[in-house]
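Chemist: One structure, as structure tokens, below. Some questions next.
The values are calculated or read from the model by the stated rules, or taken from the named source; none is laboratory data. All figures in this text were calculated on a predicted structure; none of them were measured in a lab. Quick reminder, even Gly has a Cβ in these numbers, built from the backbone with ideal geometry, and neighbours come from all protein chains shown. The area values use the complete protein model at the heavy-atom level, side chains included, leaving out ligands, DNA and RNA. Shrake-Rupley method; radii C 1.70, N 1.55, O 1.52, S 1.80 Å.
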Amino acid sequence: DFPQIGSWTELDLSKKNDVVRLNGFVTTDSIHFDGEYFNLFEGQKLVRGNVCSTLPVSTSHFFAVGLSNKDKYKENYKNYLRKNSYLNSYEKGLSALNSAFSADTRVNVAEMMYSWIDDEIAFAMMPSFTDNLYDNTFAILKIKSIKTVVSDLEKLQNNYEKKNQGFVASSKMFIAPSGEEYTLYQLPITKIPQTIWGNLFSH
């Protein structure tokens, strides 16, 4: 997935009881190798992520991306794709995604989802109870407003219904162990996070 992650990587392996940890850092050379993946974070400031507090202890692995400047991140991502000859296919994917959800008015799904984000996106993998290793994986967004997200999800569903006669959008209520109620919306298009944020979200 990564022609070039960075210029140099250092990892320390530590073992304690039944836990193995890899800890380290990556450096990039944005002057000579501006197509390196970790140049996406140029112009970002430290974000104190809190995705760990939302994940169950059974999480097998996750990664989180802190975004203090979403516009700069989008600009850097497009530059990375351009330098590695992926930009054309990326834009085709976004166009197909927008077309699927555009009915009466044009919808930009990527811009809509970026507008939801506060300052963190993440990928998490829980244990799978089927033969498919990736059967229990999630894209997680730290959002600004639940009300806005719900309104936008309903708009996407309604648009898809208008474009595809006979399709009925579905949603269901989920009650958490704490008693809180959440509405789960099922969108008819798969791989939306991958289309917007790339192969790190491919599952």
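Here's the yes/no breakdown for (1) closer than 16 Å to LEU200 by Cα; (2) open to solvent by less than 50 Å² (accessible area, probe 1.4 Å); (3) basic (Lys, Arg):
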| residue | (1), (2), (3) |
| --- | --- |
| ILE5 | yes, no, no |
| ARG21 | no, no, yes |
| GLY35 | no, yes, no |
| LEU40 | yes, yes, no |
| THR54 | no, no, no |
| PHE62 | yes, no, no |
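Chemist: For segment 21-38, which residues satisfy the criterion of being among the hydrophobic types (A, V, I, L, M, F, W, C), closer than 19 Å to ASN84 by Cβ and touching a residue at least 12 places away in the same chain (Cβ under 8 Å)?
Modeler: Scanning segment 21-38 gives VAL26, PHE33, PHE38.
Chemist: Next up: When residues of segment 169-179 are filtered for being assigned to a loop (DSSP other than H, G, I, E, B), open to solvent by less than 100 Å² (accessible area, probe 1.4 Å) and out of contact with any helix residue (DSSP H, G or I) (no Cβ under 9 Å at 6 or more places or on another chain), how many remain?
Modeler: 3
Chemist: I would also like to ask the following. With the condition kept exactly as written, say whether any residue in segment 150-163 is within 30 Å of SER60 (Cβ to Cβ), open to solvent by 60 Å² or more (accessible area, probe 1.4 Å) and over 13 Å from the mean Cα position of the chain (by Cα).
Modeler: No.
Chemist: To continue, here is another question. Can you tell me which residue in segment 96-110 is modelled with the highest pLDDT, limited to those that are open to solvent by 50 Å² or more (accessible area, probe 1.4 Å) and in a loop (DSSP other than H, G, I, E, B)?
Modeler: For segment 96-110, the residue satisfying everything is ASN108.
Chemist: Can you find, within segment 1-28, the residue that is nearest to the chain's Cα centre (by Cα) among those that are in a loop (DSSP other than H, G, I, E, B) and farther than 21 Å from VAL65 by Cβ?
Modeler: Filtering segment 1-28 for residues that are in a loop (DSSP other than H, G, I, E, B) and farther than 21 Å from VAL65 by Cβ, the one nearest to the chain's Cα centre (by Cα) comes out as ASP18.
Chemist: List the pairs whose first member sits in segment 164-189 and is free of Cβ contacts under 8 Å to residues at least 12 places away in the same chain, whose second member is in a loop (DSSP other than H, G, I, E, B), and whose Cβ atoms are under 7 Å apart, counting only residues at least 6 apart or on separate chains?
Modeler: TYR182/ALA176
Chemist: Kindly provide the set of residues from segment 125-140 that are open to solvent by less than 40 Å² (accessible area, probe 1.4 Å) and touching a strand residue (DSSP E or B) at 6+ places or on another chain (Cβ under 6 Å), ordered by number.
Modeler: Hits for segment 125-140 are MET125, THR137.
Chemist: Determine which member of the set LYS92, LYS78, LYS70 is in contact (Cβ under 8 Å) with a residue 24 or more places away in the chain and either surrounded by fewer than 15 Cβ atoms within 10 Å (Cβ to Cβ) or basic (Lys, Arg) (or both).
Modeler: Only one candidate passes the filter, namely LYS70.
Chemist: Only one residue in LEU187, LEU141 is out of contact with any Pro (no Cβ under 6 Å at 6 or more places or on another chain) and more than 23 Å from CYS52 (Cβ to Cβ), so which one is that?
Modeler: LEU187
Chemist: Something else: Restricting attention to segment 111-124, which residues are closer than 19 Å to ASN50 by Cβ and open to solvent by 30 Å² or more (accessible area, probe 1.4 Å)? I'd like the intermediate steps shown before the answer.
Modeler: Start the filter on segment 111-124 by keeping residues that are closer than 19 Å to ASN50 by Cβ, which leaves 116-124.
ASP118, ASP119 - these are the residues of segment 111-124 that are closer than 19 Å to ASN50 by Cβ and open to solvent by 30 Å² or more (accessible area, probe 1.4 Å).
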